[in-house]
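The values are calculated or read from the model by the stated rules, or taken from the named source; none is laboratory data. This one's a predicted model, so the numbers in the text were calculated from it and none came from an experiment. As a convention, Cβ positions derive from the backbone with ideal geometry for all residues, glycine included, and neighbour counts pool all protein chains shown.
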Amino acid sequence: MASRPRTLRIPETANARILGEPFPVQVNHCRTPGCANFGVPARTKRGKTGPSRDRDLRYKLTSTAKGQEPAIECKECRGKGAVRSNAAIAEEIERIADYVRPLEFRFACKTEGCANEGLSIGAHRQLYIRYGYYKTRENPIYRCKACLRNVTVSRKAPRIHARNQSLAADVFSRIANKSPMRRTVVGAGLRSHADYYTILDFIHRRCRDLNGAVTRSFLTGERHLPAEMDIALDSQSLMVNWPRKVQRRTVEMTSCCSVEATSRFILELDVNHDPRFDPFDVNHESAERGDMTRKEAFRRYARFWLAGDEMRAGRSAQRRMGRRAAEQAVGDIQDAFRAANAYADVAEMEIVPGQGPLRDTMLRSGMLVKTGYRTLGHMFVLREILKGAGVERLQLSMDEHLSTIASFMCAFREPVVEGRAHGFLVRYDKDCPIDERDRLYKEARKQMRRFARMRNLEGMDREELGFEMIRTALRAGGLSEDGWLRHPMPTKQEPNKEVRWITGHPDMELDDRARLYLAASLGRVDNVFELTRRFLSPLERPFYTPSGGWNQVWYGYAPYNPDMVGKYLDIFRAVNNFVHTGRKDGATPAMRLGFADRPFSYADILWPGERIPRPRRTRRKGRGLKA
């Protein structure tokens, strides 16, 4: 089927639902705070060519720097931003927040041909009616109003084989403390590797339930967070080993994490991978619809990396080919997927003469989500969590990445306008050697002591002295032309740190501005990323050898199945928040926020409110001693 002409100028507003009422999503607007058009959506429908009454007076349609995708440019501030699919962002929000929803959102009518087929009970309660319970009041029954078939919501807890129940806590402890899979099987006394993955799935479901219960309590207002919060947000690259010989390269996945700076409590952690979709089915359907050659924002699956997208973006091995040749190659890919019946039909096809087989990013299972859509979905979910938990003022520290900045401006548009959300960019020398870090740290300490002697402030502690240094710098106009301020209190973790306020309010008091600059840091989220690699063996960095190349590195402990990355991160989130304690205070992040009165054990997470299984006592077999 050929690609149809586009009727919309900008994608229309979409609705997303996590819990309760849906909320609108429209991100195609100016993202510059202080501009008259900030947050005002662009016109969606096309107008007449030339001057006319229905033309867009605020924005003009242009393209990105590479000319690949449409963009809008604000006529007031000349700010430019890529056009995004609001429907795809809404899908990503619901995908990220899927672990929060009760079971009613996971059950729907399965009658083929029914008007309510696939429509969940939780999101479409008007289509179902309560019809009693199955055995106990824990398993309610709903009746579909269209086909009158019953749907039972099963609340049966996950279970594993009786012989492995007493070993689950030991396996959990080993996984969370960097024991590789083979060593865990031997050390815990498992019978096979299959038992390991069965127990891992059980552990993941329990950790996912715990994370979902906590986040659900934030969204519904049952549990409150502090009224003022400092949050650090950043992304981390994770690797999956290549799935087949024709793709002899690793696949890069990225996770996004939001951490409360004071307690190191992880508020949200997700990865850009949707395991619910089959790669071949998505690409085949996109080829049938003609989406592979269509602009991204107007596709059915706009948030996914389709076959050929990396080639068009210049990220694949064929990056040196011209733009026209890349478009022709993508057209050939689309034709191949239209005629294919399975992925084996297109796995090794020749697309570009002389360039070898197609080596596009095709995972074993699931689809990779584009970073821009993943970050937007993460920001909207974080906004809903903070809103439900009663947070009134937010300071968000982030890396200077354009998609992260744009996502923050889109999701927190109203709090930014009202002065309740403050965004800070943080940059520092990430490749600085340890000896240079020590030298810079000592030099910063000397400067602080020198400043204290000059101002007669020797009695102040480090935090108060840093506040006075920033306050003095702001009063003297210490900002650079582009708004960056050299932080007077860099740590060894953030050498040569500089911060920039991107939502500045000139009417704010000097002391309040100085406190915001002082608190800007990515240290907490960087610490969480470091712990994910230190405590989870599958996410550890690879070891490079002199004979090995950089583009075909073998990650010895990395998983082959991309689904495992999300499972390990869900497990780490629960362990970080409720199990691991700090060296100084002996408290977990949940204890620091008042959500727990003691550290959880691994068995507490696996068997909440249940009797912990104990290993059976076996009688020793042997001959009795003769007199």
Original post:
Which pairs do you get when a residue that is over 16 Å from Val499 (Cα atoms), found in the range 399-413, comes within reach of a residue that is of a type in the set (S, T, N, Q), reach meaning Cβ atoms under 8 angstrom, with the pair 6+ apart or on two chains?
Top reply: Ser403/Thr371; Ser403/Thr375; Ser407/Thr375; Met409/Thr32
Subject >> Sole exception among (1) within 16 Å of Met564 (Cβ to Cβ); (2) crowded, with 21+ Cβ neighbours inside 10 Å; (3) out of contact with any Asp or Glu (no Cβ under 6 Å at 6 or more places or on another chain) for Cys207, by number >> reply: (3)
Subject >> Residues located in the range 509-523, provided they are out of contact with any helix residue (DSSP H, G or I) (no Cβ under 8 Å at 6 or more places or on another chain) and touching a residue at least 40 places away in the same chain (Cβ under 8 Å) >> reply: Leu516, Ala519, Ala520, Ser521, Leu522, Gly523
Subject >> Near pairs, Cβ below 8 angstrom, 6+ apart or cross-chain, from the range 570-589 (touching a residue at least 40 places away in the same chain (Cβ under 8 Å)) to any residue that is acidic (Asp, Glu) and part of a loop (DSSP other than H, G, I, E, B) >> reply: none
Subject >> Selection count where residues are among the hydrophobic types (A, V, I, L, M, F, W, C) and modelled with pLDDT under 80, scope the range 302-347 >> reply: 10
**OP:** Could you list all residues from the range 21-33 that are over 19 Å from Ser403 (Cα atoms) and in contact (Cβ under 8 Å) with a residue 40 or more places away in the chain?
**Re:** Phe23
Subject >> Matching residues in the range 164-180 - criterion: being in a helix (DSSP H, G or I) and either exposed (fewer than 13 other Cβ atoms within 10 Å of the Cβ) or in contact with a helix residue (DSSP H, G or I) (Cβ under 6 Å, 6 or more places away or on another chain) (or both) >> reply: Asn164, Ala168, Ala169, Asp170, Val171, Phe172, Ser173, Arg174
Subject >> Where Ile199 falls short, out of the listed (1) surrounded by 21 or more Cβ atoms within 10 Å (Cβ to Cβ); (2) touching a residue at least 60 places away in the same chain (Cβ under 8 Å) >> reply: (2)
Original post:
When you go through (1) modelled with pLDDT under 90; (2) among the charged types (D, E, K, R); (3) under 20 Å from His422 (Cα atoms) one by one for Arg500, which number turns out not to apply?
Top reply: (1)
Original post:
Across the range 467-485, what is the number of residues that are loosely packed, with under 13 Cβ neighbours inside 10 Å and hydrophobic (A, V, I, L, M, F, W, C)?
Top reply: 1
Original post:
Does Glu260 satisfy the criteria of being loosely packed, with under 14 Cβ neighbours inside 10 Å, under 30 Å from Leu376 (Cα atoms), charged (D, E, K, R) and at pLDDT 90 or above?
Top reply: no
Original post:
If you scan the range 487-527, which residues turn out to be outside any loop (DSSP other than H, G, I, E, B) and polar (S, T, N, Q)?
Top reply: Asn527
Original post:
Limited to the range 455-466, what total is found for residues that are of a type outside the set (D, E, K, R), surrounded by fewer than 19 Cβ atoms within 10 Å (Cβ to Cβ) and either at pLDDT 80 or above or in contact with a strand residue (DSSP E or B) (Cβ under 8 Å, 6 or more places away or on another chain) (or both)?
Top reply: 3
Subject >> Among (1) surrounded by fewer than 18 Cβ atoms within 10 Å (Cβ to Cβ); (2) in contact (Cβ under 8 Å) with a residue 40 or more places away in the chain; (3) over 23 Å from Gln395 (Cα atoms); (4) among the charged types (D, E, K, R), the one test that Arg437 misses >> reply: (1)
